[in-house]
Amino acid sequence: MRGGRRLLPLLLLALLPGLCHGRESAPGAVTCGSVLKLLNTRHSVRLHSHEVKYGSGSGQQSVTGVEASDDANSYWRIRGKSDNSCQRGTPVKCGQAIRLTHVNTGKNLHTHHFPSPLSNNQEVSAFGDDGEGDDLDFWIVQCSGTYWEREDAVRFKHVGTEVFLSITGEQYGHPIRGQREVHGMPAANHHNYWKAMEGVFIKPSLDPAKHDEL
C-alpha cells in the first residue's frame, strides 16, 4: 500500500499535461489546477489528510500535519469557488477565494464551529464527495503582492468563520501517533504561515485565447 502511494507523483506527471515539477523550475505564481503540498513554516509539517475520522466533534475526516515530505496523502488540488472562477493555469491572486481538494480522498479542506480535539481551537476537517462540499470549503489566500508566489509564505483565512488555518504543535496518539493537530485560530500569527512545496504546477498561458505554456 505504501509503495502504491509513492507512485502518485509519477501518475500526476503522466496525467496532467502542461505542468512543471515544483522544485525543478524557477519559482512563479501558484496556478489554478495545480497539485501541491503545503508546509507550515513555523512547525515544518505538511498539510495532510487520510481516511481517519475524528472521534469527537464533527466526526468528519481528519486533517493533520506530518513531517514526512514523501507522503502522497499530503497532496491538495487548487480550485476556485466554482470551476469557472479559477481557470486551469490562471495565477491565484492575493485575496482570491479558493478550495483545497485532497487528491486521494476527493474531500475539501473545511472548518466549522466544532472544537478541535487537542487544543480546543476550531476543528479543521476534510468534507464533501468528489470535490463537492458546501460554502464552508472556501478560503481566502492572504499574501502581500498581486499573486500567490510559490516562494512566499501565505495565510489561508476561512471565508465563513474568519479563522486562519493554523498549527500550534499538539500531537496525536494512536492511530495517527506523532501527527500534528491542524485547526482554525481567530488571530493572524506565526503559527498560520504556509508555503507551497512539492507538487505539479500548471503553467500559465501567455495568451488566454491560446493554450501555449510558458
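The values are calculated or read from the model by the stated rules, or taken from the named source; none is laboratory data. As the structure is a prediction and not an experimental result, all values here were calculated from the model. As a convention, Cβ positions derive from the backbone with ideal geometry for all residues, glycine included, and neighbour counts pool all protein chains shown. Only protein heavy atoms, including side chains, enter the accessible area calculation; ligands, DNA and RNA are left aside. Shrake-Rupley method; radii C 1.70, N 1.55, O 1.52, S 1.80 Å.
Pull up region 140-187, narrow it to residues that are in a loop (DSSP other than H, G, I, E, B) and touching a Phe, Trp or Tyr at 6+ places or on another chain (Cβ under 6 Å), then point me to the one that is farthest from residue 48 (Cα to Cα).
The extreme case among them is 159.
So that you can scan it fast, the table gives a plain yes or no per residue for (1) at positive phi; (2) aliphatic (A, V, I, L, M):
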{"site": "131", "(1), (2)": "yes, no"}
{"site": "144", "(1), (2)": "no, no"}
{"site": "148", "(1), (2)": "no, no"}
{"site": "166", "(1), (2)": "no, no"}
{"site": "183", "(1), (2)": "no, no"}
{"site": "202", "(1), (2)": "no, yes"}
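Entry remark, region 61-107: residues being open to solvent by 10 Å² or more (accessible area, probe 1.4 Å) and among the aliphatic types (A, V, I, L, M) number 4 in total. All but one of (1) at pLDDT below 95; (2) in contact with a Leu (Cβ under 7 Å, 6 or more places away or on another chain) hold for residue 87; state the number of the condition that does not hold. It is condition (2) that residue 87 fails. Residue-level check: of (1) open to solvent by less than 10 Å² (accessible area, probe 1.4 Å); (2) closer than 24 Å to residue 42 by Cβ, residue 142 misses just (1). Among the residues of region 51-60, not a single one is surrounded by 23 or more Cβ atoms within 10 Å (Cβ to Cβ) and modelled with pLDDT of 95 or more.
Considering region 69-86, and only residues there that are outside any helix (DSSP H, G or I), free of Cβ contacts under 8 Å to residues at least 60 places away in the same chain and over 15 Å from the mean Cα position of the chain (by Cα), the residue that is nearest to residue 137 (Cα to Cα) turns out to be 82. All conditions but one from (1) outside any loop (DSSP other than H, G, I, E, B); (2) under 15 Å from residue 58 (Cβ atoms); (3) of a type outside the set (Asp, Glu); (4) open to solvent by 60 Å² or more (accessible area, probe 1.4 Å) apply to residue 195; the one that does not is (2).
Condition check for residue 120 on (1) polar (S, T, N, Q); (2) open to solvent by 60 Å² or more (accessible area, probe 1.4 Å); (3) on the phi < 0 side of the Ramachandran plot; (4) out of contact with any strand residue (DSSP E or B) (no Cβ under 7 Å at 6 or more places or on another chain): one failure, at (3). Among the conditions (1) open to solvent by less than 40 Å² (accessible area, probe 1.4 Å); (2) more than 18 Å from residue 197 (Cα to Cα); (3) in contact with a helix residue (DSSP H, G or I) (Cβ under 8 Å, 6 or more places away or on another chain); (4) not acidic (Asp, Glu), residue 127 misses just one, which is (1).
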